[in-house]
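These notes concern the structure reproduced below.
The values are calculated or read from the model by the stated rules, or taken from the named source; none is laboratory data. These numbers were taken from a predicted model, which means no experiment stands behind them. Here Cβ is always computed from backbone atoms with ideal geometry, including for glycine, and neighbour counts include all displayed protein chains.
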Amino acid sequence: MNFIIKYYYSSIRLSIGLAFLFSIFLPFSCTSKKHSNNNIFHYNQPEGISTLDPAFAKNQAIIWAVHQLYNTLVEVDQNLEIAPSLATHWEISDDRLTYTFYLRNDVYFHEDPAFGEKKTRKLNSKDVEFSFKRIIDTKTASPGAWIFNGRVDPDSGFKAVNDSVFQLKLIRPFNPILGILSMQYCSIVPKEVVEYYGNDFRRHPCGTGPFQFKVWEEGQALIFSRNENYFEKDSAGNRLPYLDGVKISFLDSKATEFLEFTQGRLDFINDIDASFKDEVLNKSGELKKEWIGKIQLDKHSFLNTEYLGILVDSSNPLLQNNPLRITSIRQAINYGFDRRKMILYLRNSLGTPSESGFVPAGLPSFDSSLVKGYNYDIEKSRKLLAQAGYTDGKNLPTIKLLTIPQYSELGSFIAKQLEEIGLKVQVEVVQKSLLMDQTAKSQATFFRGSWMADYPDAENYLSVFYGKNPAPPNYTRYHNSNYDALYEKALVEQNDSVRYALYRAMDQIVIRDAPVVPLWYDMVVRLVQPGIKNFETNSLNLLELRRVKIENPAKK
């Protein structure tokens, strides 16, 4: 009876919510004479979106939404090269400390009451200066402040030379700085709009991007409309974007999301949940016959390394009697399970077993022939345990592995294989927020983790092990003076080939010392409706909708 009552009232609330959304969406869908409601791109964000302020673009859900509304000085193209965006070009001084950017003169902010009677204005270099200073302003409390802290002088590092020229000055050379500037944290915002809304700017975004904010019913739907004055055009001179708008739903059930997709009400879904992966994919990671022609499967390398982290700070009391403090034990774990079998049976071949370093495949410096990782070798694993004084695992205490619900099956697989060599692992499943809190406070000795690239440079991964970095990003509290010296040398090295060699040397040191157990290099996996065209994937898994077209759309 209670279930029936609960279901009844839930249905009423859902109906009211849908009626409200329909009422606000209908006039929006009729604003274009050239297109119908079917020219709206629909996707779901099960994690929810907490803000549309780019200064807080700390996760993929926010990054995807912010990318539709804003632009950065530079961006990363399909080949992971830095390309112009709001800046047409730039110059770098001989000492590699000063970067001078020349801005486009045809970029306007979205219309907003904060601009007064004119409703909008042209972007200028003072907007860039304001946006970057805002990131490091302690009053903003942006989680992205780390991108400039220690690299740019907060007083003199950002300068609007004139309306169309902006200069950034580094404290010391830092080669990946252009990649940093492509991050969504560095989206350009107008000062008067930020000040007009104050803390509520999160709900009143105003940028220069291909889409502009329309309406947001939190927990129900978020709607963007086409920016009719967007500055970019295609090769034929047609103004981008092609879509009339974007609608984001917030269904928190992956099963419901998949059902909505199969019924044509979502244009794509990101990643394939374990609950239905065997329904759609075979063990080779391809569509099963019954789905061919009905949906598109898009796969692409993804700059994300899935791994198990091990706390190696010898001063931490948690490691006093913990076998994980011993290098050969950590190496034994790395040799003690079959990554290839794990990917084949538990991941349906989605991803590449990480048998090289921590730096993933897809980056220019990656070379599996030069950085040797761990493969499945049970005999080596047993020898390493014996070397540590635990022959066949005798007297070896149980090791606790913390993971999240999504990866509990993987944790159990690894634990079962390690048991064969006498290494007992207890898998404890906790919520993601708790795991993140414990790893940041160095309270977890063995934990599941992932590192997704913020920008396309191996330095982003290698900073995870730099001894002077706190947690995050150095969750394992790893420190090696030789490693740190190579890292600092790489930061100022201008020759790409030499810098890549330094990157690989660092990666090999990490593999030898084994503060992590690399699992696999990830893959972007998307299920897409057949009528969606020009929906490009990239190794950063950025949601790119500027050039998307919908042909013969299903009724949504």
>> Can you report the number of residues in region 63-100 which are of a type in the set (F, W, Y) and assigned to a strand (DSSP E or B)?
In response: 2
> What are the residues in region 181-226 that are over 19 Å from A87 (Cβ atoms) and among the polar types (S, T, N, Q), if any?
Replying inline: N199, Q212, Q220, S225
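Matching residues to (1) among the hydroxyl-bearing types (S, T, Y); (2) assigned to a loop (DSSP other than H, G, I, E, B); (3) without any contact (Cβ under 8 Å) to a residue 24 or more places away in the chain; (4) at positive phi:
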{"residue": "S275", "(1), (2), (3), (4)": "yes, yes, yes, no"}
{"residue": "G285", "(1), (2), (3), (4)": "no, yes, no, yes"}
{"residue": "E290", "(1), (2), (3), (4)": "no, no, yes, no"}
{"residue": "H300", "(1), (2), (3), (4)": "no, no, no, no"}
{"residue": "N304", "(1), (2), (3), (4)": "no, no, no, no"}
{"residue": "S314", "(1), (2), (3), (4)": "yes, yes, yes, no"}
{"residue": "R330", "(1), (2), (3), (4)": "no, no, no, no"}
>> I'm checking my understanding of the structure. Among residues of region 63-107 that are of a type in the set (V, I, T) and touching a Pro at 6+ places or on another chain (Cβ under 7 Å), which one is nearest to W216 (Cα to Cα)?
In response: V66
> What is the number of the single condition among (1) among the polar types (S, T, N, Q); (2) under 30 Å from K294 (Cα atoms); (3) at pLDDT below 95; (4) in contact with a Lys or Arg (Cβ under 9 Å, 6 or more places away or on another chain) that N534 does not meet?
Replying inline: (3)
> Inside region 123-144, can you point out the residues that are surrounded by fewer than 17 Cβ atoms within 10 Å (Cβ to Cβ) and of a type in the set (A, V, I, L, M, F, W, C)?
Replying inline: A141
>> Suppose we keep only residues that are closer than 16 Å to T476 by Cα and among the small types (G, A, S) within region 419-464. Which one would you say is surrounded by the most Cβ atoms within 10 Å (Cβ to Cβ)?
In response: A444
>> Residue under question is V74, and the condition is that it be over 23 Å from D137 (Cα atoms) and either in contact with a strand residue (DSSP E or B) (Cβ under 8 Å, 6 or more places away or on another chain) or not assigned by TED's automatic domain parsing to the domain that holds H204 (or both); does it hold?
In response: no
> Take the residues of region 350-370 that are farther than 27 Å from D271 by Cβ and touching a Lys or Arg at 6+ places or on another chain (Cβ under 7 Å): which is surrounded by the fewest Cβ atoms within 10 Å (Cβ to Cβ)?
Replying inline: L370
>> Of everything in region 307-349, what is of a type in the set (D, E, K, R) and crowded, with 22+ Cβ neighbours inside 10 Å? Give them in sequence order.
In response: R330, R339, R347
> So which of V525, V517, V510 ends up being surrounded by 20 or more Cβ atoms within 10 Å (Cβ to Cβ) and part of a helix (DSSP H, G or I)?
Replying inline: V510
> How do the strands (runs of 3 or more DSSP E) wholly within region 153-230 filter down when requiring 3 or more residues that are touching an Asp or Glu at 6+ places or on another chain (Cβ under 7 Å) and either under 28 Å from S50 (Cβ atoms) or free of Cβ contacts under 8 Å to residues at least 40 places away in the same chain (or both): which remain?
Replying inline: 158-162
> Which ones in region 231-262 are assigned to a loop (DSSP other than H, G, I, E, B) and touching a residue at least 60 places away in the same chain (Cβ under 8 Å)?
Replying inline: F231, E232, D234, L240, P241, Y242, L243, D244, F250, L251, D252, S253
>> Condition first: touching a helix residue (DSSP H, G or I) at 6+ places or on another chain (Cβ under 8 Å) and without any contact (Cβ under 8 Å) to a residue 40 or more places away in the chain. Now tell me which residues in region 495-511 satisfy that.
In response: L502, A505, I509
> So, in region 38-58, of the ones that are in a helix (DSSP H, G or I) and polar (S, T, N, Q), which residue ends up farthest from the chain's Cα centre (by Cα)?
Replying inline: N38
> Does I62 meet the test of being in contact (Cβ under 8 Å) with a residue 24 or more places away in the chain, farther than 26 Å from R151 by Cβ, hydrophobic (A, V, I, L, M, F, W, C) and buried (at least 16 other Cβ atoms within 10 Å of the Cβ)?
Replying inline: no
>> Let me confirm something: among V193, V161, which residue is touching a Cys at 6+ places or on another chain (Cβ under 6 Å) and surrounded by fewer than 20 Cβ atoms within 10 Å (Cβ to Cβ)?
In response: V193
> What single numbered condition from (1) crowded, with 22+ Cβ neighbours inside 10 Å; (2) not assigned by TED's automatic domain parsing to the domain that holds L240 fails to hold for Q494?
Replying inline: (1)
